[in-house]
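Before any comments, here is the structure.
Only the coordinates and a few stated rules stand behind these numbers; no lab work does. Predicted model, so just to flag it, every value in this text is computed and none were measured. We place every Cβ from the backbone using ideal geometry, glycine too, and count neighbours over all the protein chains shown.
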Amino acid sequence: MKHPDQETLALHAGGDLGPIARWRARRHLARCAQCREEVAGFDQYRQLLPSLDDSQDVHWSRLAAEMKANIRLGLAAGECVSVAGPIWSGARVGVALASVAVLLATGVVLEHPGPTVARETGVVVQATADGVQVREGGQSMGLMHSGTNKEAVTYQVGAQGSVEARYVDAETGYVTVNKVDVE
Amino acid sequence: MLALLGAGAALAQDVPIEGRVNINLGKDSPVALVGMSTGDSHSSSRGAALVLDLHMALTLRNTGASRIHGVALRVVSQEITVGGKGSVSIPSLNIGLGESFPIRIDMQLMRPTQVAGGPLVDVNLDGVLFEDLSCYGPDRLSSCRTLTAWDLEAQRDREHFKHILAQAGPKGLRQAMLDSIGRQSARPQLDVRVLRAPAVTSAALGPVHTEQFAFLDFPDSPLQPLDGWAQVAGNEARSPRIQVRNRSAQTIKYVELGWLVSDPGGQQYLAASLPASDPALYLPAGKTARVEQDTALRFTRAGQPVSIQGAVGFVSRVQFADGKLWVPSRADLERDSLVKVLPASAEEQRLNDLYLKRGLDALVQELKKN
């Protein structure tokens, strides 16, 4: 059997339960001697309370007035230290929006990183707009194909570390192959 | 003090290099120097280095006993550090006995300013290829092999266009030329940087994975590619390795493969040639060897990194122990649509230029020559 909790029994003893809860409590108490004893106990305490009130030299109405006054004093002090203007205005709103924008931008960058450029060390051989270039640190060397349409130049890379530029020399009419090999 | 300032200013000025270029064609050379112009070549100081801006023209004469089909020159300002040497080669020549021909050298070299005295530049003959595919020269750059391969490709492509002329006449030849020129202008290209022996792949490129090679196996190739891979991270591919087997009856001493890569859209590009790293390669019939290079290639297009999605390899050049070379046939290249990805041979490039500048009749006359 499931018993009502202590609160329900106490409220029932004081006649403070609602109609449905009261009906359910009565129905249970009719079958449960243990809970009837609990309710009887609450009734005894209720009957003792007025005598306790009389026996103590406490001015309840005065105490209530003092508590009310203290609560009002606290509310008045809170109003004194609060800012006069509205919270979401001016620079505060700007700072907050900027912070949110920075947060969103950071999230987008972290989620979709752009192409990264790796640092190149050692000897690098590459084709450039003017020809083939080899560089290492601050030194570089170039093979050029001057006087030739750049679109007409064919580049070929050797995985061993070479680049060649092949084109038809405009002056001689011969195919010319310029090659840089770093080996 | 004024004298010191004056000396400094004089060092920073451009200095002509006329009279400080040494031409070395070798003893018993089949070519002789009959003219040289240093043009507006000059040298200038840049920090501790001397920058040589070469714009030279040499005129050589065939003084040998055979027609010359190719010449390679080695141009050196210093051998020690990067930026000191390069080469200029002229393939697809057909120079008769006693005939002269020009070679232009446009190059920028660097050398330390501390090196005093002597010539600023040495131009050395490295190889001369004759019509019978014999070769003369010190061959320090393996020019004889390269010139021979170019000559075989020239023979192959001249025969191709001659065949078209014979079968379809000038009109068919014109169409073949237009197709060739169109293919070259539409050929997809990437900018490739070669980094020699970088220690590690940069973490900025992303995670590294092993990309397996797929292969185009030409039926007539003496070499069969078996297996291969490269380390790929973002737009960088490094340390390619390909296992090959000699399926011919002859010993092979040089191997070169072509390497294609694909972008995320599936477009193929020629990445690089991949020569065997072992200069003393000896691959008997039926044996296998590994072709590998410890370099890294970085691919960009219009300045933007291009991620690598696939790798394809094919045999592009084989040299046998007796010095003879094999190159893919025209049928090999057309069967696998490689003609759309690979650059035209030097000879096809020359014929295209001839057609564009001098017209169909000049091209027909050129193809009728032996």
Per-residue ellipticity at 222 nm attributable to helices in chain B (runs of n ≥ 4 DSSP H, -39500 (n - 2.57) apiece, nearest 500 deg cm²/dmol) works out to -8000 deg cm²/dmol
What does the charge count near B:ALA186 come to, summing +1 for each Lys or Arg and -1 for each Asp or Glu among other residues with Cβ under 11 Å from its Cβ? +2
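Provide the FRET efficiency to the nearest 0.05 for the B:GLU131-B:ALA285 pair, computing r from the beta carbons and using R0 = 30 Å.
0.50
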Take every residue in peptide B:344-356, count the Cβ atoms of other chains within 10 Å of its Cβ, and give the average of those counts. 3
So how do A:22-34, B:248-260 stack up, highest first, on mean other-Cβ count within 10 Å? B:248-260, A:22-34
List the lysines whose Cα sits under 20 Å from the Cα of B:LYS171, skipping any in the same chain fewer than 8 residues away. B:LYS162, B:LYS357, B:LYS368, B:LYS369
Return the distance in nm (one decimal) between the two label points of a simple spin-label model at B:SER44 and B:SER100, each offset 7 Å from Cα along Cα→Cβ. 3.2 nm
Please give every one of the lysines within straight-line cross-link reach of B:LYS253, meaning a C-alpha to C-alpha distance under 27 Å, and leave out same-chain neighbours fewer than 8 residues apart. A:LYS179, B:LYS85, B:LYS287, B:LYS324
Can you check what the net charge comes to around B:ASP132, using other residues whose Cβ is under 14 Å from the Cβ of B:ASP132 (Lys, Arg +1; Asp, Glu -1)? 0
Provide the descending list of Cα extents for chain B along its principal axes, expressed in whole angstroms. 72, 57, 41
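In terms of the ratio Rg/(2.2 N^0.38 Å) built on C-alpha atoms, what value belongs to the range B:8-141?
Cα Rg divided by the expected 2.2 N^0.38 Å: 1.13.
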Please compute, for peptide B:124-131, the average count of beta-carbon atoms on other protein chains lying within 10 Å of each residue's beta-carbon. 0
Provide the packing ranking of B:319-328, B:353-362, B:68-77, i.e. peptides ordered by the mean count of other C-beta atoms within 10 Å per residue, highest first. B:68-77, B:319-328, B:353-362
Could you give the length gained on full extension between B:GLN231 and B:ILE23, defined as 0.36 nm per residue of separation minus the Cα-Cα distance, in nm? 70.5 nm
Stretchable slack from B:ALA214 to B:LYS340, in nm (0.36 nm times residue separation minus alpha-carbon distance): 43.6 nm
Over the range B:8-141, what is the mean sequence separation of C-alpha contacts under 8 Å (at least six apart), divided by residue count, expressed as relative contact order in percent? 30 percent
Could you pull out every one of the aspartates and glutamates with an alpha carbon less than 18 Å from that of B:LYS340, ignoring same-chain neighbours closer than 8 positions? A:GLU151, B:GLU153, B:ASP157, B:ASP179, B:ASP191, B:ASP217, B:ASP263, B:ASP332, B:GLU348
Calculate how large, on average over all directions, the projected area of the Cα convex hull of the range B:191-342 is; give the answer in nm² to one decimal. 9.1 nm²
Total formal charge among the other residues, if their Cβ is under 14 angstrom from that of B:ARG61, Lys/Arg +1 and Asp/Glu -1: 0
If we sort B:148-155, A:5-12, B:60-67, A:94-101 on the protection proxy, mean other Cβ atoms within 10 Å, highest first, what's the order? B:148-155, B:60-67, A:5-12, A:94-101
Within 10 Å of each Cβ of B:272-278, how many other protein chain Cβ atoms are there on average? 4
How far apart, in nanometres, would the label points at A:MET1 and A:LEU104 be if each is projected 7 angstrom from Cα along the Cα-to-Cβ direction? 6.4 nm
Distance between the C-alpha centers of the range B:42-59 and the range B:169-198? Whole Å please. 33 Å
